[in-house]
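Accompanying notes for the structure given below.
The values are calculated or read from the model by the stated rules, or taken from the named source; none is laboratory data. From a predicted model like this one, the values you see are computed outputs, not experimental measurements. In this analysis, Cβ positions are derived from the backbone assuming ideal geometry, glycine residues included, and neighbour counts consider all displayed protein chains. Side chains included, ligands, DNA and RNA excluded: accessible areas come from the protein's heavy atoms. Shrake-Rupley method; radii C 1.70, N 1.55, O 1.52, S 1.80 Å.
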Amino acid sequence: MMSFKDEQIVRLAESGWARCPSVAEAVAQAGLPAVTPGYLATAFPSELWDAAEEAVLALRDHFASARFADETTYGILLVPDPGKLDTRRPMTADVRADQLGTPVDDVFDDRLPAGVLGVRNGAPWTMVATVTSVYGPSLGSHHHIVAGPAAAFTVAGVDTRALMIRQLWGARVLQGGRDLPDCESNPRWTFTLFPGEGLTDGLAESGTVLKGKVRFRLGKPDRGIGSARVAPAIAVV
């Protein structure tokens, strides 16, 4: 059986960061290290890999009873240095070319603010334990999650709502390559809520891939339907 570290290295080295040509080109153009097995094996010390495994297992256990937990996979998301590749912002059409099969601009609501910077400038890549499957769990509406008791969302001493943000979803879309989260081409269409971001004009942020475009949207904060998903997260630092 492969170790957690080895398993995650294989998965990340085969992710969109490395195997989706237009995304890999964006990584190179940003001046970020290529996501290769060699780089991943040496860039993060063993104690970080141990912490990452503990965080992933803790997330899985804590949210095991959540709606749609059976179709949710937790693992390592790589978030790039936002000073080099800011995943809070829309990507160019060229970056999406190999993800969507054609160059197409993202749809980005102009009312959206800069967005929470959960991973700051500095390290080329930061490991985050979070949802890595195309579906996250359903934990209710934006209002329900924000107003919920901290204990319901606190894992290993970390309130996982703080990183339910646009920056991480943007990175998750890129890491997915052609296996896009929240995409209409999946067996079920979903959208991911960002409760870690404040309301804008009374509306809640979310992300989805719909009608052939990656969309950063605003919508009603009381939508708790089954399509509304989240991605609990713990930064591994």
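Summary of computed values
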{"read-out": "Trypsin sites (Lys or Arg not before Pro) restricted to the stretch 192-234 and DSSP loop, no more than 11 other C-beta within 10 Å", "value": "LYS211"}
{"read-out": "Whole-Hz ³J(HN,Hα) from phi, Karplus 6.51 cos²θ - 1.76 cosθ + 1.60, for the stretch 82-88, glycine and proline x", "value": "x, x, 10, 9, 8, 7, 6"}
{"read-out": "Extension gain (nm, one decimal) between ALA30 and ARG67, 0.36 nm per residue minus Cα-Cα", "value": "9.5 nm"}
{"read-out": "Whole-Hz ³J(HN,Hα) from phi, Karplus 6.51 cos²θ - 1.76 cosθ + 1.60, for the stretch 226-232, glycine and proline x", "value": "x, 6, 7, 10, 9, 9, x"}
{"read-out": "Neighbourhood charge, 11 Å Cβ-Cβ cut-off, centred on ARG172 and excluding it, Lys, Arg +1 and Asp, Glu -1", "value": "-1"}
{"read-out": "Sulfur and carbon atoms: percent of accessible area, the stretch 1-151 [1.4 Å]", "value": "53 percent"}
{"read-out": "Listed residues THR72, VAL134, PHE153: farthest to the positive end of the dipole of the stretch 57-153 (Cβ charges)", "value": "PHE153"}
{"read-out": "Extension gain (nm, one decimal) between ASP6 and ARG19, 0.36 nm per residue minus Cα-Cα", "value": "2.9 nm"}
{"read-out": "Distance from the stretch 123-168 to the stretch 30-57 (C-alpha centre basis), Å", "value": "20 Å"}
{"read-out": "Charge sum, other residues only, whose C-beta stays under 13 Å from GLU184's C-beta, Lys/Arg counted +1 and Asp/Glu -1", "value": "+3"}
{"read-out": "Accessible area per residue in Å² at 1.4 Å probe, computed on the chain", "value": "43 Å²"}
